[in-house]
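A.B. asks: Take this structure, written in structure tokens, and hold onto it; I'll ask about it next.
The values are calculated or read from the model by the stated rules, or taken from the named source; none is laboratory data. Because the structure is predicted, anything quoted here is derived from the model rather than measured. Heads up, the Cβs are rebuilt from the backbone with ideal geometry, glycines too, and the neighbour counts pull from every protein chain shown.
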Amino acid sequence: MEEIKVNFISHERLNGLSMEEKLEFILKEVEKGQILVLEKGLTPEEQAKLIEMTMKEVNDKFAGIEMESYMEEKPSFWQRLFGKNRARMTVIAPADKLKTIYKDKDIIKAVIVARK
């Protein structure tokens, strides 16, 4: 049975990086087969850019990503004003390892699939 690793990434680890650096870090980790849980999630803009970057990397060995986030239910006045709504938490994994089976505003249920 394959060992499955889940990396919990603190907000501080990604906070000092530019958007491009942050997304490159995430994509490289997921390409290595890592499952990431980001303490502070990605903005919708970051999520869109990550999907765009991922599509350029898809090949026979890399199936892409699976990503689920909890968005903040009550964005602050400033978040609404500047459109900077950020996810509370984001889970990102290789598409062939993580299968979301249920999601609502409080729960993400997923199955981690070990490769054969």
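A.B. asks: Give the range 2-50 a look and list any residue that's in contact with a strand residue (DSSP E or B) (Cβ under 8 Å, 6 or more places away or on another chain), polar (S, T, N, Q) and either over 14 Å from Gly64 (Cα atoms) or surrounded by fewer than 12 Cβ atoms within 10 Å (Cβ to Cβ) (or both), or say none.
C.D. replies: Correct list: Asn7, Thr43.
A.B. asks: Right, here's the next one. Of all residues in the range 88-116, how many are exposed (fewer than 10 other Cβ atoms within 10 Å of the Cβ) and not in a strand (DSSP E or B)?
C.D. replies: Selection size over the range 88-116: 6.
A.B. asks: State yes or no: is Ser76 among the small types (Gly, Ala, Ser), surrounded by 13 or more Cβ atoms within 10 Å (Cβ to Cβ) and either at pLDDT 75 or above or out of contact with any Cys (no Cβ under 8 Å at 6 or more places or on another chain) (or both)?
C.D. replies: It is false that Ser76 is among the small types (Gly, Ala, Ser), surrounded by 13 or more Cβ atoms within 10 Å (Cβ to Cβ) and either at pLDDT 75 or above or out of contact with any Cys (no Cβ under 8 Å at 6 or more places or on another chain) (or both).
A.B. asks: Continuing with this model, one more query. Need pairs with beta-carbon distance below 8 Å; first residue closer than 19 Å to Asp96 by Cα and within the range 1-20, second of a type in the set (Lys, Arg) and surrounded by 10 or more Cβ atoms within 10 Å (Cβ to Cβ); sequence gap 6+ or separate chains.
C.D. replies: Listed pairs, sorted by first residue: Glu2/Arg115; Ile4/Lys97.
A.B. asks: Being more than 11 Å from the chain's Cα centre (by Cα) and outside any helix (DSSP H, G or I) is the filter; apply it to the range 9-33 and report the residue that is nearest to Ala48 (Cα to Cα).
C.D. replies: Across the range 9-33, the extreme among qualifying residues is Ser18.
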